[in-house]
Amino acid sequence: MLSVALILHLTVKGFDQWHIGTLFTYILIGDIIITLLLTTTADAFGRRNILVIGSILKLFAGLMFAFVDQYLLLVFAGIVGIISPSGGEIGPFLSIEQACMTENVKDNTQITAIYSWYNFFGYLSTALGALSSGYMISKLIKDYNFDTVNAYRSIIIAYAIFGAIKTLIYLCLSRQVETAALFDSELIEHATDSTSRRKTTIQATHILHWFKNKFGLRRSASRRTVAKLCALFVIDAIGGGFVMQSMIIYWFHERFQMNIEMLGLMMMFANLISGVSAIFVTPLVGRIGAINTMVITHIPSNIMLILIPFMQTKASAIAMLLLRFSISQMDVPARQTFVAVSVENNERSAAGGITNLVRSVGLSISPIIVGYLLQDSKNPILFASPFVIGGGLKLLYDILLYVSFDVSNRNQLVHAKKHTQNI
């Protein structure tokens with residue numbers, strides 16, 4: 001929903017592309033800070049508590065972007081709050097939610113299936129949001145005589161409302177989403193001392209101990225694997241920052257003069273196709289492994305990404321975009337699975353948070369450059385360069401990912417599946 005409206009909302013408010021790109025960079029820098037603080041303490045402080053805090057920050061950012069016009073206040077809201085310029089999930093939600101869902105899963109081969117369906121419903125929701133926002137904006141302008149600023153503002157307000165709804169949903173989560181270690185420590189606290197002061201002291205000590213254990217990664221093997229993945233993911237994320245969904249929408253809007261309703265429909269199909277493709281990841285990972293799945297689906301999708309600006313007609317450019325989306329996100333469940341099975345259960349929130357954090361670092365670098373490149377739509381070389389640069393960096397990531405892990409790591413989930421079948 002937000003990817004369709006946010007960049008156009010800021011544009012009609014009078015901000016140029018350089019200021020918007022800089023604002024998106026500040027937003028993603030804020031996401032880095034928030035994600036680090038929340039995800040690395042989630043397993044110690046309580047996953048439900050952290051999710052509630054995150055959804056409140058989402059509500060705050062939505063209200064600020066809807067009703068505030070001053071640039072510096074928007075920068076503040078973007079840093080402190082949670083709002084996504086990329087069209088994807090940012091903040092602590094994804095890594096903590098996935099840790100909650102797999103807390104009691106003993107069979108690693110089931111994790112890919114869980115993540116695949118999680119991503120399917122995520123992309124389906126994104127598709128419905130893109131369609132409904134495009135339709136709503138068009139309806140408000142044509143039938144209800146809204147000006148463009150207020151029409152776009154309505155979408156930002158809806159984003160804030162969903163933040164409030166998420167808060168209520170997270171408050172209803174059971175204790176089963178928490179780590180066993182946290183649950184056991186609370187039982188010990190209750191048995192030894194029921195006073196609130198004692199409980200607060202133990203909780204604070206527990207959190208401090210968590211930070212001392214390298215941001216929730218207690219094992220040295222986990223830290224080595226996560227560090228290697230972070231070095232690779234930052235390259236992919238920098239490339240992804242050049243082709244965020246909001247940038248793609250702006251490019252098609254300027255290049256082919258597409259209206260907001262058509263843009264919403266286009267992104268609806270793109271995200272719907274991505275969601276369906278996520279379902280087919282499970283058997284692929286089980287057959288060839290997570291790393292191999294990431295590489296063989298990512299390379300052709302990035303070649304298609306580079307080709308998009310060279311399509312001469314609107315129909316061919318949209319077709320290439322949709323074809324790219326049909327496989328571009330298949331690496332996501334595979335990547336999330338590989339991170340999850342490479343660490344212990346009580347390290348998953350931290351591992352997912354840190355790797356997502358690094359991706360946010362990479363994403364935060366690109367928008368300010370993209371803002372410069374997209375200033376003049378009449379310059380074909382500069383206007384096409386985000387796709388070429390982004391696709392090139394992503395191809396580099398694919399190659400480095402493949403050569404950075406040996407055969408046993410690339411086939412990790414294959415071995416797990418065979419072992420399960422033998423048992």
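The values are calculated or read from the model by the stated rules, or taken from the named source; none is laboratory data. Keep in mind that what you see is a predicted model, and the values were worked out from it rather than measured. Reconstructed Cβ throughout: ideal geometry from the backbone, glycine too, with neighbour counts over all protein chains shown. Note: accessible area is taken over every heavy atom of the protein model, side chains too, but ligands, DNA and RNA are not part of it. Shrake-Rupley method; radii C 1.70, N 1.55, O 1.52, S 1.80 Å.
Condition check for Asp69 on (1) closer than 24 Å to Ile238 by Cβ; (2) at pLDDT 90 or above; (3) assigned to a loop (DSSP other than H, G, I, E, B): one failure, at (1).
Checked against the criterion of being among the basic types (Lys, Arg), modelled with pLDDT under 90 and over 26 Å from Met136 (Cβ atoms), segment 94-116 contains one or more residues that satisfy it. Condition test on Lys394, is it assigned to a loop (DSSP other than H, G, I, E, B) and either open to solvent by 70 Å² or more (accessible area, probe 1.4 Å) or modelled with pLDDT of 90 or more (or both)? Taking the combined requirement at face value, the residue does not satisfy it. Residues in segment 141-151 that are open to solvent by 20 Å² or more (accessible area, probe 1.4 Å) and within 23 Å of Gly78 (Cα to Cα): Thr148, Val149, Asn150. Among the residues of segment 232-280, those that are in contact with a Phe, Trp or Tyr (Cβ under 7 Å, 6 or more places away or on another chain) and outside any helix (DSSP H, G or I) comprise Val243, Met258. When Ile79 is tested against (1) among the β-branched types (Val, Ile, Thr); (2) over 24 Å from Arg153 (Cβ atoms); (3) in a helix (DSSP H, G or I), just one condition goes unmet, and that condition is (2).
Among residues of segment 332-348 that are over 14 Å from Val285 (Cα atoms), those with a Cβ under 7 angstrom from a residue that is open to solvent by 10 Å² or more (accessible area, probe 1.4 Å) and among the hydrophobic types (A, V, I, L, M, F, W, C), sequence gap 6+ or separate chain, pair up as Asn346/Ala181. Ser55 meets the conditions (1) open to solvent by 50 Å² or more (accessible area, probe 1.4 Å); (2) more than 30 Å from Arg287 (Cα to Cα) in every case but one. The failed one is (1).
Scanning segment 95-140 for residues that are assigned to a helix (DSSP H, G or I), in contact (Cβ under 8 Å) with a residue 24 or more places away in the chain and open to solvent by less than 60 Å² (accessible area, probe 1.4 Å) yields a count of 27. Quick check on segment 27-48. Is at least one of its residues open to solvent by 10 Å² or more (accessible area, probe 1.4 Å), within 24 Å of Tyr250 (Cβ to Cβ) and in contact with a His (Cβ under 9 Å, 6 or more places away or on another chain)? There is no residue in segment 27-48 that is open to solvent by 10 Å² or more (accessible area, probe 1.4 Å), within 24 Å of Tyr250 (Cβ to Cβ) and in contact with a His (Cβ under 9 Å, 6 or more places away or on another chain). Scanning segment 1-43 for residues that are aromatic (Phe, Trp, Tyr) and part of a helix (DSSP H, G or I) yields Trp18, Phe24, Tyr26.
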